[in-house]
Amino acid sequence: MKRIFTNIGELATATGSVAVAGRAQGTLRTLHGAWLLEEDGVIAATGEGTPPEADASVDCGGKLVTAGLVDCHTHLVFGGWREHELAMKLQGRSYLEILAAGGGILSTVRETRKASEDALFEKARGLYLEMLAHGTTAVEIKSGYGLDLETEKKQLRVVRRLKEAFGGVAATFLGAHAFPEGMDHDAYVEQLCTEMIPAIAEEGLADFCDAFCDEGVFTAEQSERVLNAGKRFGMIPKLHADEIREIGGTQVAARVGAISCDHLSETGAEGRKALRDGGVIAVMLPATSFYLKKPYGDFRAMIDAGVPVAVATDMNPGSTPNLSLPFAMTAGCLYGQLTPEEILTAATLNGAAAIGMADTRGTLEPGKQADLVVWDADNLDQLIYRYGTNRAAAVFKKGVRVTGKE
Ligand code: NIG
Ligand code: FE
């Protein structure tokens, strides 16, 4: 079955592979008056001018078409919300103060432990569909609101159900997200490495393993132990680092061969060099910086240092309850000083690479899965510029329309 997408005003896509030192954002290809041919869910060809014949056709109305967005860092499965922390934030209390007062991550842990698997699934499914409606066709989802084996497994089973229902979902075990209340820190790290990781691997519940390496959370040494344990059980390392302070997380990410290192709003030149030398993708989370009123990090210096930059939402109930990747793209453009072309690459190809999906997703090139978005925007600049409302007019996965405005 062949389907032709015609009347594409602007087709914008990243091209090539991701981690090319010196040109870490790759190249963007833009076609005008374009078409895209899909066959059996896969992109067969793209071009300008007269489109080839096909069995079915979709008129894109002269609008912008890009690859489906890839949100490579989210915490989508959780119980409750945390809107009551807004007042505390407005009184000037910091993220770590709220956490120390038993709020923050720990209050979501309490809610997530209480919730049934089905309730978590229904809630996460609703959020997933909202993300899809905003143009995100592949997503990574972390656990980390259980901090005990049963609840972590419950979260990861929800992720597996989303994966089975929709495809394009990557699962990350983030047991090292915070320390359970009242538990000795080293004892928890020991439990993570010797009990939780093996049990989660046994059920094949996680593709990646992550840790929150920062001041007041996991030290560089503890994070390295956790990631190495994950690696021994077949989980690819990722890391939250340098969100609050640089404590050696980038070096850990490089040493363990992490696929990505995320947050990085405080990273300096040495950290960037470690990421470059380690072939680690930098995942920047500008919507988190926006909501925490914190620095955004130096996206430009990352690219100049030869580190590929991806951008993600970090969707979670505390530090950024936003699931629109286009919003994060606009924030990354303005406060990370990237061009629209660079931020599109960050939200598609480099995001896909950060979750091991770049061979099938992230660009509109022949051979890739036909996941694409028709935007209610005439061109890429307009998509970034008209932030704050959903511009995704129609979203397609494997060539089939899955959502969109009528
Ligand atoms: O990525 N930084 C650590 N963890 C999350 C926040 C989770 C929460 O506050 O619930 C993040 O921002
Ligand atoms: Fe996060």
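Data for the structure
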quantity: Difference of contour (0.36 nm per residue) and Cα-Cα distance, R245 to T339; calculated: 31.1 nm
quantity: Heavy-atom accessible area ranking, 1.4 Å probe, most first, across D71, D378; calculated: D378, D71
quantity: Highest-fluctuation residue, G61, G175, G336 considered, GNM on the chain with Cα pairs under 10 Å; calculated: G61
quantity: Per-residue HN-Hα couplings for region 369-382 [Karplus 6.51, -1.76, 1.60; θ = phi - 60°; Hz; x = Gly/Pro]; calculated: 4, 7, 9, 8, 10, 9, 9, 7, 7, 7, 7, 5, 4, 5
quantity: Positive-pole candidate from A133, N322, T250, dipole of region 70-353, charges at beta carbon; calculated: A133
quantity: The chain: DSSP helices with Cα axial extent of at least 20 Å and average Kyte-Doolittle hydropathy no lower than -0.5; calculated: 117-133
quantity: Phi-based couplings in Hz for region 75-80 (Karplus 6.51, -1.76, 1.60; Gly and Pro marked x); calculated: 10, 7, 9, 7, x, x
quantity: Computed E for D277/S94 - FRET, C-beta separation, R0 30 angstrom, nearest 0.05; calculated: 0.40
quantity: Of all DSSP beta bridges in region 70-353, antiparallel share, percent nearest 5; calculated: 5
quantity: Cα gyration tensor of the chain - equivalent ellipsoid semi-axes, whole Å, descending; calculated: 35, 22, 20
quantity: Pair V400, S17: separation of 7 Å Cα→Cβ label points (nm); calculated: 3.3
quantity: Under 5 Å, built H, 5+ apart or other chain: amide partners of S57; calculated: I4
quantity: Over region 70-353, relative contact order from alpha-carbon pairs under 8 Å, at least 6 apart, %; calculated: 17
quantity: Computed [θ] at 222 nm, helices only, for the chain once each DSSP H run of length n ≥ 4 contributes -39500 (n - 2.57); calculated: -10000 deg cm²/dmol
quantity: Spacing of the two label points (7 Å from each Cα toward its C-beta) at R113 and T30, in nm; calculated: 5.3
quantity: Lysine pair count for region 70-353 [Cα-Cα under 20 Å; pairs on different chains or 8 or more apart]; calculated: 21
quantity: Rounded Å value of the spacing that divides the Cα centres of region 197-220 and region 83-160; calculated: 16
quantity: Cα→Cβ-extended label distance, 7 Å offset, between A301 and Y387, nm; calculated: 2.1
quantity: Region 354-395: C-alpha pair distances exceeding 11 Å, %; calculated: 69
quantity: Listed residues R82, R113, R93, most fluctuating in the chain (Gaussian network, C-alpha, under 10 Å); calculated: R93
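The values are calculated or read from the model by the stated rules, or taken from the named source; none is laboratory data. Source: prediction; values computed, not measured. Every residue, glycine among them, receives a Cβ derived from its backbone with ideal geometry; neighbour counts consider all protein chains shown. Surface accessibility is based on the protein's heavy atoms, side chains included, excluding ligands, DNA and RNA. Shrake-Rupley method; radii C 1.70, N 1.55, O 1.52, S 1.80 Å.
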